[in-house]
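Chemist: Structure below; questions to follow.
The values are calculated or read from the model by the stated rules, or taken from the named source; none is laboratory data. Everything numeric here is computed off the predicted structure, so don't read it as measured data. Ideal geometry is used to build each Cβ from the backbone, glycine not excepted, and the neighbour counts take in all protein chains shown. Side chains included, ligands, DNA and RNA excluded: accessible areas come from the protein's heavy atoms. Shrake-Rupley method; radii C 1.70, N 1.55, O 1.52, S 1.80 Å.
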Amino acid sequence: MKSDLVFFSYSDSQPTDGGMARNHAFFLEMKKRGSRIYNHTSVGIHYRLFSIIRNIMLLLFLKGTNIFILQTVLLKFIFPFGLFKFPVYRSFVLAVLNHAVKKNNVTIEINDLLYEQGIDLGAGMNKTAAAYQRFIFSHPTLQFVFASKLMGDYAVSHYKLGTKSWQTIINGAPTLNTGTPCHLKVGDPEKIRYIYAGTLNKGRDIEKLIEVFADKSGIDLILIGIDGAWISEFNYRNIHYLGQFDEETALAIASQCDIGIIPYDEKKLYYNICYPTKNSFYIAAGLPILCTPLRETMRVFENYPGTAFFESVKNWDFFLTKTDKSDVISAKGKVEKIKSELKWDFLFADLHFREMCQEYHLNSNA
């Protein structure tokens, strides 16, 4: 007997950042699977309060169901994150979860490890995040979907997660709509156009990236994404900040470029165990990638030789100098052959949920 699927979602129909793009992709997939969806659309205090009460009641009264919860929803609209520092609150959450898993299968999607991410992005050591992760990953019955394999491996080795309690769905990309108009000038087509698409706030190695590309002949650097207004303080002729766009438009812009870049510091743990959304985004746009030697990204792209180049940022000067248009054309040809394997539709084929145990169905029908 198949069980129902209930999905707790937090989705915007026109995502402009990687996290929301992942949320929206899950929303579309769960809709395709005929799920009952509770989508959350606001962070207003009254809306959140209503959602928290309703969602906890659902967890207490649902039966015979596969319950799938985005981590963002879990921590904003079911169990507010800031309270996990209190032991009595964790005891309350445990009681609700234990009740839910007795009558349902409960799966939580983990797009980030908040504690490790906070350290590497300069937010400091968040004790609440550490307490939350120790609590949630030690639960004996919960199931998890991680955004990278190494993230799941890390949770197993550091937080007592069961080795059979999780699966991986890396960040994918939508299909490029070749009919999407792009009225912007995207660099000089006679040059090799590199693009960085993503969050552009300071602290994500963007300053170092700009220094590498500044005033390089035969090369343009295109920057798109949120929090990039500060880039206007620079005045380099070959560096162009175009602004923030929805995912479909951003993909159309990227498709006019030549190489997508990921400049993250390979010495930082979190960058090594996550799988950046922009990897698959660039491939969907038809671009090979230039990336620092990040372990999870290298793990994925070892299956796709010739579509990704791995160099520390200190070596990018040499890479930019030696790479010409013929190299780009060759790499783009290899990307065309594999791009479908990093699209969401392909990746979601591996997403599975447990069937409810036969004993529960017998008891519930008695």
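Chemist: Please report the relative contact order for the chain, taking Cα pairs under 8 Å with a sequence separation of at least 6, and give it as a percent rounded to a whole number. Before the final figure, lay out each step's value.
Modeler: On the way: 619 pairs, mean separation 59.9, N = 366.
Relative contact order, the chain: 16 percent.
Chemist: Continuing with this model, one more query. Please report the spacing between the Cα centers of the range 201-236 and the range 57-125 in Å, no decimals.
Modeler: 37 Å
Chemist: If I take R0 = 25 Å and measure r between the Cβ atoms of Phe318 and Asp205 in this structure, what FRET efficiency does the formula 1/(1 + (r/R0)^6) give, to the nearest 0.05?
Modeler: Values: r = 18 Å, r/R0 = 0.74.
For R0 = 25 Å, the calculated efficiency reads 0.85.
Chemist: Taking the mean number of other Cβ atoms within 10 Å as a proxy for protection, how do you rank 186-199, 274-287, 129-142 from highest to lowest? Can you show the working numbers first?
Modeler: Details: 186-199: 20.6, 274-287: 25.2, 129-142: 18.3.
The packing order, highest mean first, is 274-287, 186-199, 129-142.
Chemist: Using only the alpha carbons of the range 47-167, what is the convex hull's orientation-averaged projected area in square nanometres? Each step should come with its number before you reach the end.
Modeler: Numbers: hull surface 29.4 nm².
Taking a quarter of the hull surface, the average projection is 7.4 nm².
Chemist: Ranked highest first by the average count of other Cβ atoms within 10 Å around their residues, in what order do 145-153, 85-93 fall? Can you show the working numbers first?
Modeler: Details: 145-153: 22.3, 85-93: 13.4.
In decreasing order of mean packing, 145-153, 85-93 become 145-153, 85-93.
Chemist: With the convex hull built on the Cα atoms of the range 1-118, state its orientation-averaged projected area in nm². Present the calculation step by step, with values, prior to reporting the outcome.
Modeler: On the way: hull surface 32.1 nm².
Mean shadow area of the hull around the Cα atoms is 8.0 nm².
Chemist: Quick query: amide H of Ser9 versus all other amide H atoms, modeled in the peptide plane; which residues come in under 5 Å with a sequence gap of 5 or more or a different chain?
Modeler: Here the answer is Tyr38, Asn39, His40, since their amide H atoms fall under 5 Å of that of Ser9.
Chemist: If you take the beta carbon distance between Ile52 and Ser217 as r and set R0 to 51 Å, what does 1/(1 + (r/R0)^6) give as a FRET efficiency, to the nearest 0.05?
Modeler: That pair, Ile52 with Ser217, gives E of 0.35.
Chemist: Using the Cα centre of the chain as origin and beta-carbon charges of +1 (Lys, Arg) and -1 (Asp, Glu), tell me which of Ser35, Ile192, Gln14 is placed farthest towards the positive end of the dipole.
Modeler: Of the options given, the answer is Ser35.
Chemist: Moving on. Could you work out the helix-only [θ] at 222 nm for the chain, with each DSSP H run of four or more residues adding -39,500 (n - 2.57) and the total divided by the number of residues, to the nearest 500 deg cm²/dmol?
Modeler: Values: 15 runs with 147 residues, N = 366.
Value at 222 nm, helices only: -11500 deg cm²/dmol.
Chemist: Over the range 1-158, what is the mean sequence separation of C-alpha contacts under 8 Å (at least six apart), divided by residue count, expressed as relative contact order in percent? It would help to have the intermediate numbers written out before the result.
Modeler: Working: 195 pairs, mean separation 34.7, N = 158.
The value is 22 percent.
Chemist: Per-residue counts of other Cβ atoms within 10 Å, averaged by peptide: what ranking do you get for 219-231, 32-44, highest first? Before the final figure, lay out the partial values.
Modeler: On the way: 219-231: 19.2, 32-44: 13.9.
Answer by packing, highest mean first, reads 219-231, 32-44.
Chemist: Sticking with the crude label model, points 7 Å out along Cα→Cβ, report the distance from Thr180 to Asn98 in nm, one decimal please.
Modeler: 4.8 nm
Chemist: Over the range 175-298, average the accessible area per residue using a 1.4 Å probe and give it in Å², no decimals. Working shown, then result.
Modeler: Numbers: 4810 Å² over 124 residues.
Ligands and nucleic acids excluded, the figure is 39 Å² per residue.
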